[in-house]
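The values are calculated or read from the model by the stated rules, or taken from the named source; none is laboratory data. It should be emphasised that the depicted structure is a prediction, and the values quoted were computed from it without experimental measurement. Ideal geometry is used to build each Cβ from the backbone, glycine not excepted, and the neighbour counts take in all protein chains shown.
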Amino acid sequence: MSHSEEKEFTRSPAVARLSEEDIKSISEKLRLKLTPEESKATYEFCGDISKGYQRVYELTPPTSTVKYPRTPGYRETEDDSWYYKCDIKGANNGLLAGKTIAIKDNVCVAGVPLMNGSKILEGFVPDRDATVVTRILDAGGRITGKAVCEDLCFSGYGSTLPLGPVKNPHDPTRTTGGSSSGCASLVARNVVDMAIGGDQGGSIRIPASWCGIVGLKPTYGLVPYTGIMPIEVTLDHTGPMARTVEDCATLLEVIAGYDSGNDPRQYPTMPTYPYSKLVNDEVNGKRVFKVALLKEGFEDVEESLANIVRDAAYKLKEAGAEVHEVSLPIHNDGLAIWTAIAFEGTYQTMVKGNGHGYGWKGTYNLPLQEKLAGAFNLRPFDCPLPVKVIMLFSEYIQKEYQNKFYAKGQNLVQYLTMEYNRLLKDYDVMIMPTLPRMPSKLPTPDTSIEETLKRQKLVKKNVAPFNATGHPALTINAGFIDGLPCGMMIVGRMFEESTILQVARAFEKIRDRTS
């Protein structure tokens, strides 16, 4: 190395100079068979490349502005649904004026710790607000805290929270489900008016169903994911949770829309609507809505639960809807297709890619990425068992089969999407039970690890396929069995959330009138 090169690299080098020994070692590992002349040329060339990396290190990227003052808040220990309490007041008026909102703890709120339910992120404090947080505050909402979530958001059963599971508001011996556990409980107990949840495999709809509230997974990309910890970029969704369909529509209207290129899940011409106004353009008197009861969605569902949902769907006839039973066999393969994507995609994005990985034409959350990099490198043993299973199985699959099954899964998603779309040409919405089981009993010391893992998979049968395809899906309480809620899921065409909300609102009125 020349004197000028040595001087260049005395300034806190971002990348240590690639040595000749490094080149030899890497060449042997990758079986590149470099000649001595090629090795020498590579050494000189990489010295110049490192200078470019040094310049990238020294440049300062633009940072987001934190618009509303706040204090860090405090760790909540009395209520099992809160991770951190705070009080951030937004604008003086707007659609959310007077409303209190809980934010799932995988969403960045500047100055307020983010743990994402995991020990590996403990101590991390974001320096920015997620786009949905800014939009809530701009609309006059008041954020009162961060709700606990499952460890790294990878549990639908509700058993991986570091401080113990969130108890179901209807029966404290049962789980809320996950991963947006705290959000569902807080809304159901009237602690807050609304919440922002996340959904990669049902994580809004599972706890919303078991807690008896309204939870909406919007169309893929409709709500920007900027500033939220990703799991798998083609499955990531965030959306509203509320006690009423009207509140759900109002929160959706606030958070939906294009985020100026920060989130490549979106595109500039995405349609958005005044959902809060359209929600009461009901079935009756407007047009006849055609409802498809999806036969496969009722298979392997507890009989009493299936009957409640079926009866609830037929009640929509009172609002002038047509209800027909239909079959779409590919739905039964939806969970398998989702699994191939969720396992390997999560491993590459969240674990090996530290939350983002490569090929991401949008905003990277660098502080979060650096925190994850250190955590996954130094403390992978602190990950929850479901994530350890994903790491182990995906490492094996990629070693033996490369990305063959992930790629085939994504190709099959196109077919699955077309089949749902084909059915939705003739019907406005599909209806099925949100979950195949009633809320599960909380795990005990006697509950086997094998049984816990099995329950993780069971709850995803109907919800996960629509994370893969991106169709909007809403759960609403259809009734009760022994005091426990029964979720009914309404699925619609891409970007037609207004239709889903209208059908849900029509049912809500019938339900509340006859209850």
What are the residues in region 135-153 that are under 30 Å from SER260 (Cβ atoms) and crowded, with 23+ Cβ neighbours inside 10 Å, if any?
-> ARG135, ILE136, LEU137, GLY141, ILE143, GLY145, LYS146, ALA147, CYS149, LEU152, CYS153
Subset of region 498-515 that is surrounded by fewer than 24 Cβ atoms within 10 Å (Cβ to Cβ), of a type in the set (Val, Ile, Thr) and modelled with pLDDT of 95 or more - its residue that is nearest to the chain's Cα centre (by Cα) | THR499
If we scan region 120-143, do we find a residue that is within 20 Å of the chain's Cα centre (by Cα) and in a strand (DSSP E or B)?
-> yes
Could you check, for region 443-460, whether at least one of its residues is closer than 15 Å to PRO218 by Cα, buried (at least 18 other Cβ atoms within 10 Å of the Cβ), in contact with a helix residue (DSSP H, G or I) (Cβ under 8 Å, 6 or more places away or on another chain) and aliphatic (A, V, I, L, M)?
-> no
Inspect region 53-62 for any residue being assigned to a loop (DSSP other than H, G, I, E, B), of a type outside the set (Lys, Arg) and in contact with a Lys or Arg (Cβ under 9 Å, 6 or more places away or on another chain) and give the result as yes or no.
-> no
Of all the residues that make up region 399-445, how many are free of Cβ contacts under 8 Å to residues at least 12 places away in the same chain and not aromatic (Phe, Trp, Tyr)?
-> 12
Restricting the search to region 77-105, which residues are surrounded by fewer than 16 Cβ atoms within 10 Å (Cβ to Cβ), at negative phi and small (Gly, Ala, Ser)?
-> ALA91, ALA97
Report whether or not GLY353 is closer than 29 Å to THR417 by Cβ and crowded, with 21+ Cβ neighbours inside 10 Å.
-> yes
Pairs, please: C-beta under 9 Å, at least 6 apart or cross-chain, first residue free of Cβ contacts under 8 Å to residues at least 12 places away in the same chain and of a type in the set (Ser, Thr, Tyr) and in region 76-101, second surrounded by fewer than 20 Cβ atoms within 10 Å (Cβ to Cβ) and outside any strand (DSSP E or B)?
-> THR77/LEU163
Of all residues in region 162-184, which are crowded, with 24+ Cβ neighbours inside 10 Å and touching an Asp or Glu at 6+ places or on another chain (Cβ under 8 Å)?
-> VAL166, GLY178, SER179, SER180, SER181, GLY182
Please go through region 238-260 and pick out each residue that is within 28 Å of ASP512 (Cβ to Cβ) and in a loop (DSSP other than H, G, I, E, B).
-> ARG243, THR244, ALA256
